[in-house]
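The values are calculated or read from the model by the stated rules, or taken from the named source; none is laboratory data. Just so we're clear, the structure is a prediction, and the values are computed from it rather than from any experiment. As a convention, Cβ positions derive from the backbone with ideal geometry for all residues, glycine included, and neighbour counts pool all protein chains shown. All accessible areas refer to the heavy atoms of the entire protein, side chains included, with ligands and DNA or RNA removed. Shrake-Rupley method; radii C 1.70, N 1.55, O 1.52, S 1.80 Å.
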Amino acid sequence: MEILIELIKYIIFGIVQGVTEVLPVSSRGHVLFLDSIFRAGIGDNDFFVILLNLGSMIAVIYFLRKDVKLYFKDFYKYVIKKDRSKEIKHNYNYLRNVFIGIIPIFIVGATVTFVGLKDYSESISYVLIGLGALATATILFIVRNQMNEHVNKDVTSKSAFFIGVMQVLSVFPGLSRLGITTAAGVNRRLSMDSALKFAFMMFIPISIGAILSQFIAVNFDFSILLSDFIVNDIWTYFYYIISFIVSIFATYYSLKWVFIWFRKGKLTVFYLYNLLFGLIAIAYGLII
C-alpha cells in the first residue's frame, strides 16, 4: 500500500508539472504548493525538479519539431551557406529574435546563479506565490478582449526584446511566464497563435539554461544534486522514471489544448483559476 501511495504521489507531481508548465499558471508555484500539502519533501529536490523540467522540454520540442527543424536548418543556410532568399532570411530572423527575447531573463538567471541568490530565491512565501497568481489573473483579464484583434505573424526584434523584458517578471513567484509573454505579444499586435508559438520557442533555450544553471550552482557536483536520491532503493528509480514519463505526456497533451483554448479566446477559466489559486495560496501562507 505504501508503494502504491508513493507511486500515485509521483504521478500527481508529473501531471501537475506537465499541465502547469504550458498553461498560463505558475508551474513552480504549483509544485511547491503541492509539495507542502503532501509534505512530500521532493518539490525542492533539485534533481527531481530537473527531471520534470526536462520532461516538459522534450514534449515542447516534439510538439514544435517541424518548426524547430525548419528554423535551425534555415539559420544554418543563412549563416554558413550565405543563402539570402526571402523565406530563409525570414526564418533566420525569427530564430534570431527568439534569442533576442531570452537575453533579459538569461541575464537575470545568470545573476541569480553566480551572485548566490539561489537559496534566497527558493525561500518562497506562499503569500508571494498567491500574489503572483493574482497578478497573472489580472494580466489575463486585461488582455481577454484583445485575443483575436490582431493577425500579425511577424515578430520584430523590438517586439522580441519587449516580450523578453516582460518575461523577466515571471521570476516573481506565482507569476506565469506563458501568461506574461503571451500578453506582451498581444500588446505588440501579434496574433494569438504567433504570440503563443513565440513563447514556447523561447521556452526551449530557457529550459536548457535553467537546467544548466542547476549544475553550475553546485559546481557540477552530482553528489549534491543526488543528495535526496536514494541510490540503493530500486523503487526510487521507478518513481522518478514514472514521474518523468508522465510529465512528458501531460505537457504534450496540455500543449495541444492550450492552443485550442487560446484560439477560441477562452481565457475566463484561466484568470478565474489564477484568482482562486492565488486566494487559496495567500490564505494557506497566512495559516501555516
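Side notes on the structure shown:
- Shape call, the stretch 55-104: gyration tensor on alpha carbons, a/c limit 1.5: oblate
- C-alpha center-to-center spacing [the stretch 236-288, the stretch 131-200] in angstrom: 18
- For the chain, the per residue solvent-accessible surface stands at 51 Å², with DNA, RNA and ligands left out and a 1.4 Å probe.
- Modelled FRET efficiency - R0 45 Å, residue 73 with residue 218, Cβ distances, 0.05 increments: 0.80
- Span-like helix criteria (full DSSP H runs; alpha carbon extent of at least 18 Å along the helix axis; mean Kyte-Doolittle hydropathy of at least -1.0) are satisfied in the chain by 2-21, 46-63, 65-79, 86-115, 126-143, 192-217, 234-263, 268-287.
- In Å², nearest 10: area of residue 282 left accessible to a 1.4 Å probe: 30
- Using a Förster distance of 35 Å, the FRET efficiency for residue 257-residue 83 (Cβ separation, nearest 0.05): 0.40
- P(r) of the stretch 1-91 over all Cα-Cα pairs, binned every 5 Å from zero, in whole percent: 2, 12, 17, 16, 11, 9, 9, 8, 7, 5, 3, 1, 0
- Residue-span extension gain [residue 226 to residue 138] - 0.36 nm each, minus C-alpha spacing: 27.8 nm
- Exceeding the 22 Å Cα-Cα cut-off - candidates 69/266; 158/197; 66/86: 69/266
- For the residues 86, 266, 153, a GNM of the chain with alpha-carbon springs under 10 Å puts the largest fluctuation on 86.
- Peptides ranked, highest mean first, by Cβ atoms within 10 Å: ranges 171-183, 214-226: 171-183, 214-226
- Correct option for Rg/Rh (Cα atoms, Kirkwood Rh) [calculated from the coordinates] among (i) 0.93; (ii) 0.95; (iii) 0.98: (iii)
- For the chain, calculated [θ]222 nm from helices alone, where every DSSP H run of n ≥ 4 adds -39500 (n - 2.57): -25500 deg cm²/dmol
- Solvent-accessible area, 1.4 Å probe, carbon plus sulfur percent, for the chain: 67
- Contact order, relative form, for the stretch 158-261: 14 percent (alpha carbon pairs under 8 Å, 6 or more residues apart, mean separation divided by residue count).
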